[in-house]
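The values are calculated or read from the model by the stated rules, or taken from the named source; none is laboratory data. Bear in mind that the values here come from a model prediction, so they are computed numbers and not experimental data. Cβ placement follows ideal geometry from the backbone for every residue including glycine, while neighbour counts extend to all protein chains displayed. Calculation scope for accessible area: heavy atoms of the full protein, side chains included, ligands and nucleic acids excluded. Shrake-Rupley method; radii C 1.70, N 1.55, O 1.52, S 1.80 Å.
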Amino acid sequence: MKKLNQSYDVVICSHNDPYCNFGGVEVYNKRLVELFLKNNLKVLYFVIVPAISQENKQKSLCDITYDWNFAFLMAKKAKLCIYSGSLNNKTFIKMFSGLKNSVNIQHSDASYYNRRNEKWKLNLSKTIVCYTNNDNTFISNVIKKKKLHGFNIVPIIIPLDLKPLPKKQNKICKLIYFGRIVKGKGIYFLLKMLSHLNYDIHFYGFIPNYFKFPKKYEKYKSLFFGKYNNKDLPNIIKQYNYTITATNAEGFCIALAESMACSTPIILKNTFQNADFLIDKGKNGFFYDKKASPKKAAKQINAYIENNDWQKTSKNCYEFAKKWFPKENWEKKWMDLYKSFSNSKQK
């Protein structure tokens, strides 16, 4: 077993390891690790829920620990401690609360905090990195009320290598969903929609054992293509005309940003805090009614696709992604943040 260091520049704490590719949080964390290592920083990754496999251990780029006391000791010594994931572990909040060098990346929609007891959740750190493009959101108000230092991390949510892709409209229109295949992502809603939609939806992503297909939807199993490799994702996305989601709550839907970077328009519910920002007044895709039944939503989507200028929308998506999501901006913002903590630690 590899001997761990006794000091690190950065400690990243999360509920899953960054190599399982379950979803956006894990992929985001993996890219953070790669960024810090590229800049010759020592990184420790603290896995709060120890479900990492031996295979993932072997692939790990940085040191990984499950030891709470060791992680806390290293976090106190580090220049920067990052908490990235769902704020739902009371033990972690209680133990790590008050670290002056800590940053919380808010991956959840602001409505999530309205539904939970935010008092213990938002006492984690003095600095919060928010996924928000609206100064009037619930989270922004909490930051002001508690006199926390909030960094607005939008619009550099995700490091995208933006390279123009040869994109032509497919003769047979197809839609893609990619991400976690779980109930919370609206998968059952999309399955119900299929019998009323004029187009197929192909599903890509990890399917956990607990996800069950109701018998009446088993006929759609052939539309599920399982896990994908992130490096293959651009080539997968560009085979489709639109990316669709059915989530009721998101902090920032990374899949939609990736879709636009591949010149693929988006179709989504207007249900989460950055939805307006992403859709850009309809230039990048279509909102279907968040209160609509699957049948009614399918009818709205059919009408939109039939009448939409796909070529123009596709171009808008790529230009939007090129403006807001370049990798260089994301890297610079994070390294500037690290340097600001490093400098304050030295004083």
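Worth pointing out:
- Among the residues of segment 311-329, none qualifies, meaning not one is closer than 21 Å to residue 184 by Cβ, over 16 Å from the mean Cα position of the chain (by Cα) and of a type in the set (D, E, K, R).
- Only one of the numbered conditions (1) buried (at least 21 other Cβ atoms within 10 Å of the Cβ); (2) free of Cβ contacts under 8 Å to residues at least 40 places away in the same chain is violated by residue 240, and that is (2).
- Residues that are within 21 Å of residue 322 (Cα to Cα), at pLDDT 90 or above and of a type in the set (A, V, I, L, M), drawn from segment 238-259: 244
- Residue 184 being of a type outside the set (Phe, Trp, Tyr), touching a residue at least 40 places away in the same chain (Cβ under 8 Å) and touching a helix residue (DSSP H, G or I) at 6+ places or on another chain (Cβ under 7 Å): no
The rows are residues; the columns are (1) part of a helix (DSSP H, G or I); (2) open to solvent by 20 Å² or more (accessible area, probe 1.4 Å); (3) in contact with a strand residue (DSSP E or B) (Cβ under 9 Å, 6 or more places away or on another chain).
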site	(1), (2), (3)
176	no, no, yes
180	no, yes, no
193	yes, no, yes
198	no, yes, no
203	no, no, yes
210	no, yes, no
221	yes, yes, no
234	yes, yes, no
248	no, yes, yes
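- Test for residue 319: is it acidic (Asp, Glu) and touching a residue at least 24 places away in the same chain (Cβ under 8 Å): no
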